[in-house]
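Taking it in order: structure first as structure tokens, then the write-up.
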Amino acid sequence: KTTLAAIALLLFSCSQPEQQVKNGTDATYFDLAGYFNGEANRLQAANPSIRKQVMAKGKAEVKNTKVTDWKTELASFTNADINKTSWRGEFSITKDDSLTTYITDNPKIPVKKLEVLQKSAQVIGIRIFKSSENALYDAVDTLIYFPDSIYIIKNQQKIKLLNVKNYEVIGKFN
């Protein structure tokens, strides 16, 4: 039993999934996952009303709602975090007074551009541009977030030999 446990532990330690760089001094780039986890917790506690519009297949549905799970609602943003260990050094960074932009031209990285708009070190807006392609499809995502104002998730997918599919969610804080 001891030998089996040791082998299992050895195999597990050698096959860890890629970890994201944690908050603080280890973060190479803006901590998008940490930011949106914090926003999800804050919004879960505040429980704001949202006017949510979902557009798909040329049809729009609009309703006023309360989001029951902000972590799920903001998952597209959280999942676009660029602080993966293998992505270190892959993004160029430009900064001015209020805007920090991270850009990569690496075709293997789906997040192509991240823009973080700040005022006095407070995030006032985030824009994320993703694209990926393979032999079957091309996908382009645009994610926009302005705290306590609006969030937008746009997705365009072109599957080979089929029509383009567009999907859009717009959430406006009431």
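Within the option set 86, 49, 120, being among the polar types (S, T, N, Q) and modelled with pLDDT of 95 or more holds for one residue only, 49. Restricting segment 110-124 to residues that are within 13 Å of the chain's Cα centre (by Cα) and of a type outside the set (Lys, Arg) leaves a set whose member that is nearest to residue 39 (Cα to Cα) is 116. Looking across segment 147-174 at every residue that is of a type in the set (A, V, I, L, M, F, W, C) and more than 17 Å from residue 42 (Cβ to Cβ), the one that is least open to solvent (accessible area, probe 1.4 Å) is identified as 169. Being without any contact (Cβ under 8 Å) to a residue 40 or more places away in the chain, outside any strand (DSSP E or B), of a type in the set (Val, Ile, Thr) and open to solvent by less than 70 Å² (accessible area, probe 1.4 Å) is true for just one of 144, 109. Which residue is that? Only one candidate passes the filter, namely 109.
The values are calculated or read from the model by the stated rules, or taken from the named source; none is laboratory data. Everything numeric here is computed off the predicted structure, so don't read it as measured data. Here Cβ is always computed from backbone atoms with ideal geometry, including for glycine, and neighbour counts include all displayed protein chains. Ligands, DNA and RNA are excluded from the accessible area calculation, which covers all protein heavy atoms including side chains. Shrake-Rupley method; radii C 1.70, N 1.55, O 1.52, S 1.80 Å.
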